[in-house]
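In what follows, a single structure is set out as structure tokens and then discussed.
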Amino acid sequence: MKTEVIQNLTSKYAIECKNLKIVFNEHTDKEFLVLDDFSYNFEKNKIYFIIGNSGTGKTSLVTHFNGLIKSKYGDIRVGNLHIDNKKRKIKNFKLLRRTVGMVFQFPEYQLFKDTVEKDIIFGPINLGDNKVDAKKKAKKYLNMLGLSDEYLQRSPFGLSGGQKRRVAIAGILAIEPQILIFDEPTAGLDPAGEQEMIDIILSLKKQGKTVIVITHNMDHVLSIGDDVLVLDNKKMITSGTPYEIFMNKSLITSTQLDTPMVINVINNLTQDNKKFEKLYKLQPRNVKQLADNISQIIKGGK
């Protein structure tokens, strides 16, 4: 299995999509087009955000990347794995699931075993790991997410909401995928929990992973995103860096997307004093960077 994984990562891109079309209830009188003609290449070791209003096909799109849903139209390659639209079954399905890990919205609701350890090792064992190796991974990733060994024999149902979410994520990380997909990872979390999730995503990038995130939180997009894909009207209408997206006023107006707080502050400052237009070039991505940049400008710095 390890040899297969290494070979799978020799491709230039993490995921390649060409002309993907998603249709539900195909060949019925209630056929529904979800997404049309999606083409994009996801590079390795980047954090991608997919944004757009509800119903624009974000979740439907990403579930094609690990084979949960399979379209008859278009072409998808994950590393060297080809999801062939002409074949009913996906070749090397288990390898695909090892390569792409999916963390659904509210993953803690998917816990079902009587101990934390059993929940975490469920995925690795079903994908081919022996029990000894799976238990080692359970300990490793639970610790990585800030929970001690003592939690392994506890019932997941007695944990707090944040602890449950970390256990669920540990179960995905124990599969050791090279690509992680998060669907609304900060939904329902308090500010401290949100920051924990941001830190987890950043740590995954530092480990060389490719991360794809669906979110409605534009502050998170600006703070850690490398590239952003915008879906609207059943298509991907544009992509770019966070500042390229959020400084596109016509795009924000047409899609009715929220603007990150940092950019709203910059917009308000520049209305009162043109010298703060320098902030657009400095491109602060969080409140601390914004405050530092404002201080520099006031002191006559950059």
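The values are calculated or read from the model by the stated rules, or taken from the named source; none is laboratory data. Since we're looking at a predicted model, the values are computed, not measured. Cβ: placed from backbone, ideal geometry, glycine included. Neighbour counts: every protein chain shown. Surface accessibility is based on the protein's heavy atoms, side chains included, excluding ligands, DNA and RNA. Shrake-Rupley method; radii C 1.70, N 1.55, O 1.52, S 1.80 Å.
Some values worked out for this structure:
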quantity: Output for the range 239-266, where each listed residue is farther than 16 Å from Thr56 by Cβ, among the β-branched types (Val, Ile, Thr) and either out of contact with any strand residue (DSSP E or B) (no Cβ under 7 Å at 6 or more places or on another chain) or at pLDDT below 95 (or both); calculated: Thr253, Thr259, Val262, Ile263, Val265, Ile266
quantity: Filter result (open to solvent by less than 80 Å² (accessible area, probe 1.4 Å), more than 18 Å from Pro177 (Cα to Cα), touching a residue at least 12 places away in the same chain (Cβ under 8 Å) and in a loop (DSSP other than H, G, I, E, B)) within the range 64-93; calculated: Ile69, Lys70, Ser71, Asn85
quantity: Selected residue (only one of Glu176, Glu194, Glu184 is under 25 Å from Asn293 (Cβ atoms) and open to solvent by 20 Å² or more (accessible area, probe 1.4 Å)); calculated: Glu194
quantity: Single condition Gly300 does not satisfy, out of (1) surrounded by 13 or more Cβ atoms within 10 Å (Cβ to Cβ); (2) in a loop (DSSP other than H, G, I, E, B); calculated: (1)
quantity: Some residue of the range 247-255 being open to solvent by less than 20 Å² (accessible area, probe 1.4 Å) and touching a residue at least 40 places away in the same chain (Cβ under 8 Å); calculated: yes
quantity: Cβ-Cβ under 7 Å pairs, at least 6 apart or on other chains, the range 200-220 side among the acidic types (Asp, Glu), far side open to solvent by 10 Å² or more (accessible area, probe 1.4 Å) and not in a strand (DSSP E or B); calculated: Asp219/Met261
quantity: The listed residue being modelled with pLDDT under 90 and of a type in the set (Asp, Glu), out of Asp114, Asp84; calculated: Asp84
quantity: Single condition Pro284 does not satisfy, out of (1) surrounded by fewer than 14 Cβ atoms within 10 Å (Cβ to Cβ); (2) free of Cβ contacts under 8 Å to residues at least 24 places away in the same chain; calculated: (1)
quantity: Within the range 125-244, strands (runs of 3 or more DSSP E) holding 1 or more residues that are over 17 Å from Pro107 (Cβ atoms); calculated: 210-214, 227-232, 235-240
